[in-house]
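These notes concern the structure reproduced below.
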Amino acid sequence: MEWPSFSDAYEKLVRRMNTPRVVVDNDVCPTATLIKVDSARKRGILLEAVQILIDLNLTIKKAYISSDGRWFMDVFHVTDQFGEKITDERSLSYIQQSLSAGNDSRPGCSDDLTVLELAGTDRPGLLSEVFAVLTEMQCSVVEAKVWTHNGRIASLIQVKDEDSGSSLVDSQRIHFLEGRLSNVVRGDADDALASARITAVSATSVTHADRRLHQIMSAHRDYEQTTTENHRNWIDRGYSIVNVQCRDRPKLLFDIVCTLTDMEYVVFHGTIDTDGDRAHQEFYIRHADGSPISSEAERQRVILCLQAAIERRASDGVRLELCTVDRRGLLSEVTRTFRENGLSVTRAEASTKGGMACNVFYVTDSSGLPADPKLIEAVQQRIGLESLKVQEMPPATAEHRKPSWSSGPREESSGAAGLFYLGSLVKRNLYNLGLIRSCS
């Protein structure tokens, strides 16, 4: 008769032990807020913590990661988006509560939305055609994220029915919409990359948006490009060591950890540091079964996937911000204007709140080169100078657009210690992927 109560008490103890212990410290470091997270180790917990921090618009300047045994201990040095310590007590309390709650803290989407996933081969005017179909099918776009990389496109679009303001429930309508959008994404192309994957799912069940975009891009093999970064294997300890040096930017750590997690690797130790605009990140990883990377082919795949993850969030072109009263067909009208003026959208984010549409577009010309300022001005005149603002105008030279590469693979080993690694020197102007250092 005592077993049920004993079982309940044990379950409560396990839950209490598995709840992350979070300490926020503003006294130790003069330039950043320290966040310490201790928890029982479970798969994906590092990604979960990083995901929460970046969703709170925090910048991770340094981090120390340790996940040996059954315990997970991390220290993050974070600042706000302006590079300052977090001093507001309400913000500090919210950070602590969010990390303690884990995935339960992620703001869910409304049940009254339908999420569409698009993936395929990118081409000029594709986004305009997609939004035109949604307008024709009386689907109102509430929020959208669009990434392009290496000729692929991935998008998550949250829509609702224009009349009811609720999710799409008619299965025939959903099937017809998926068919229409599949044809649009596929276009006239007949190559293997010109596939479309469109699914309508409940908004509350969708994976974290940025993580899902990484997954879609990776599934479409956007990493397939002859490039190298670095990865070296430390056999005597059973770890594979990933060492990344590149230009720092928001969400860089999330993109790397997300990719490693989705590739079924576990991060056991890691250090993250920044020096000016440079980021230095090193991770000791194994497979979920405890084995390290065991082949050159697998090593190269990790390199390519990490590089693609770092690159695909990079925003090429001019940043345009559109803030205006939301109305039916707004995105269709705006993207059609871009297309008619020879502009291609490389990345986009759209959201609506309180009847206002706040959209961000990164645009280039149809060849992927910097757009002519006169074209930008023409688009502004047509859409409205007060509504469409130019935030970034990059130099109009191809040098800033085309990467240059040099590489020199080498292989060394310290036989007595059983240390084996492959090193490579990579130089890229656009994303500033730098020297990947070797062990000695």
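Cβ-Cβ distances below 6 Å connect the following pairs, each with a first residue in segment 130-155 that is surrounded by fewer than 23 Cβ atoms within 10 Å (Cβ to Cβ), a second residue that is of a type in the set (D, E, K, R) and part of a helix (DSSP H, G or I), and a separation of six or more residues or different chains: V133/R180. Picking from residues in segment 74-125 that are under 23 Å from the mean Cα position of the chain (by Cα), closer than 22 Å to V23 by Cα and among the β-branched types (V, I, T), the one that is modelled with the lowest pLDDT is I95. Looking only at residues of segment 157-174 that are free of Cβ contacts under 8 Å to residues at least 24 places away in the same chain and over 15 Å from T135 (Cβ atoms), we find that the one that is most open to solvent (accessible area, probe 1.4 Å) is Q172. The criterion of being touching a helix residue (DSSP H, G or I) at 6+ places or on another chain (Cβ under 8 Å) and closer than 28 Å to F76 by Cα holds for A279.
Assess whether R328 counts as being open to solvent by 30 Å² or more (accessible area, probe 1.4 Å) and in a helix (DSSP H, G or I).
no
Only a single criterion out of (1) closer than 19 Å to F283 by Cα; (2) out of contact with any His (no Cβ under 9 Å at 6 or more places or on another chain) is not satisfied by A63, namely (2). Return the residues of segment 268-325 that are in a helix (DSSP H, G or I), among the small types (G, A, S) and open to solvent by 30 Å² or more (accessible area, probe 1.4 Å); say none if nothing qualifies. Within segment 268-325, A297 is the sole residue that qualifies.
Check off (1) touching a Leu at 6+ places or on another chain (Cβ under 6 Å); (2) part of a helix (DSSP H, G or I) for S91 and give me the number that stays unchecked. Of everything listed in (1) touching a Leu at 6+ places or on another chain (Cβ under 6 Å); (2) part of a helix (DSSP H, G or I), S91 misses just condition (1). Here E333 passes the criteria (1) surrounded by fewer than 21 Cβ atoms within 10 Å (Cβ to Cβ); (2) not assigned by the TED database to the domain that holds R152 except the one numbered (2). Taking (1) in contact with a Leu (Cβ under 7 Å, 6 or more places away or on another chain); (2) part of a strand (DSSP E or B); (3) over 19 Å from R43 (Cβ atoms); (4) at pLDDT 85 or above in turn, L181 satisfies each apart from (2).
The values are calculated or read from the model by the stated rules, or taken from the named source; none is laboratory data. All values reported here derive from a predicted model rather than from experimental measurement. Positions of Cβ are generated from backbone atoms using ideal geometry, with glycine treated the same way; all protein chains shown enter the neighbour counts. Surface accessibility is based on the protein's heavy atoms, side chains included, excluding ligands, DNA and RNA. Shrake-Rupley method; radii C 1.70, N 1.55, O 1.52, S 1.80 Å.
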